[in-house]
Amino acid sequence: QAHMVESGGGLVQPGGSLRLSCAASGSIFPISDMAWYRQVPGKQRELIARSTRFGSTHYADSVKGRFTISRDNAKNTLYLQMNSLKPEDTAVYYCNTDGPIDHLWGQGTQVTVSS
């Protein structure tokens, strides 16, 4: 059964950068539109960036110009380059299909932006 494994999170100072990775098992990745989501305690999970299977990208206003989503279909891997990080970017970050599939949610990776 397919699932996602996110990695690359950590503690970073405001203005810093991180690169997240999402390794997808199974065969759905190359044919799927994929997305990065994030969630803070007490709030709903929000979609912040999406990548269509053809490579088009779209971003939430909150991250536009700072985050870049990319994918390597040969490696079944989704990436999120995060620059100019702000304290409000602190969250657990997840990947899933665009239009998430429940059983694909992984554990996520924690990103903490703090001085």
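Within segment 68-92, no residue satisfies the criterion of being of a type in the set (Phe, Trp, Tyr) and in contact with a Leu (Cβ under 6 Å, 6 or more places away or on another chain).
Could you tell me whether PRO14 is modelled with pLDDT of 90 or more, loosely packed, with under 15 Cβ neighbours inside 10 Å and not basic (Lys, Arg)? The answer is yes for PRO14.
Screening PHE67 with (1) among the aromatic types (Phe, Trp, Tyr); (2) farther than 20 Å from GLY42 by Cβ; (3) at pLDDT below 95 gives one miss only, at (3).
Quick check on segment 63-109: of everything there that is among the hydroxyl-bearing types (Ser, Thr, Tyr) and farther than 18 Å from SER51 by Cβ, which residue is nearest to the chain's Cα centre (by Cα)? Can you show your working first?
Step one: of segment 63-109, the residues among the hydroxyl-bearing types (Ser, Thr, Tyr) are 68, 70, 77, 79, 84, 90, 93-94, 97, 109.
Retained after the next criterion (residues that are farther than 18 Å from SER51 by Cβ): 84, 90.
Numbers: SER84: 16, THR90: 13 Å.
Ranking the qualifying residues of segment 63-109, first place goes to THR90.
Kindly indicate which of LEU47, LEU78 is open to solvent by 10 Å² or more (accessible area, probe 1.4 Å) and part of a strand (DSSP E or B).
Details: LEU78 fails: open to solvent by 10 Å² or more (accessible area, probe 1.4 Å).
On inspection, the qualifying residue turns out to be LEU47.
Which residue is modelled with the highest pLDDT, if the candidates are limited to segment 17-34 and must be under 17 Å from SER56 (Cα atoms) and buried (at least 22 other Cβ atoms within 10 Å of the Cβ)? Among them, the one singled out is MET34.
Scanning segment 90-107 for residues that are open to solvent by less than 20 Å² (accessible area, probe 1.4 Å) and either more than 22 Å from HIS58 (Cα to Cα) or out of contact with any Ser or Thr (no Cβ under 7 Å at 6 or more places or on another chain) (or both) yields ALA91, CYS95, ASN96, GLY106.
Yes/no matrix, rows are residues, columns are (1) acidic (Asp, Glu); (2) over 22 Å from SER114 (Cβ atoms); (3) assigned to a loop (DSSP other than H, G, I, E, B):
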| position | (1), (2), (3) |
| --- | --- |
| ARG38 | no, no, no |
| PRO41 | no, no, yes |
| HIS58 | no, yes, no |
| ASP61 | yes, yes, yes |
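Scanning segment 57-70 for residues that are open to solvent by less than 50 Å² (accessible area, probe 1.4 Å) and among the basic types (Lys, Arg) yields a count of 1.
The values are calculated or read from the model by the stated rules, or taken from the named source; none is laboratory data. Remember, predicted model here, so these are calculated numbers, not experimental data. Glycine gets a Cβ as well: all are built from the backbone with ideal geometry, and neighbour counts include every protein chain shown. Each accessible area value is taken on the protein alone, full model and side chains, heavy atoms only, with ligands, DNA and RNA left out. Shrake-Rupley method; radii C 1.70, N 1.55, O 1.52, S 1.80 Å.
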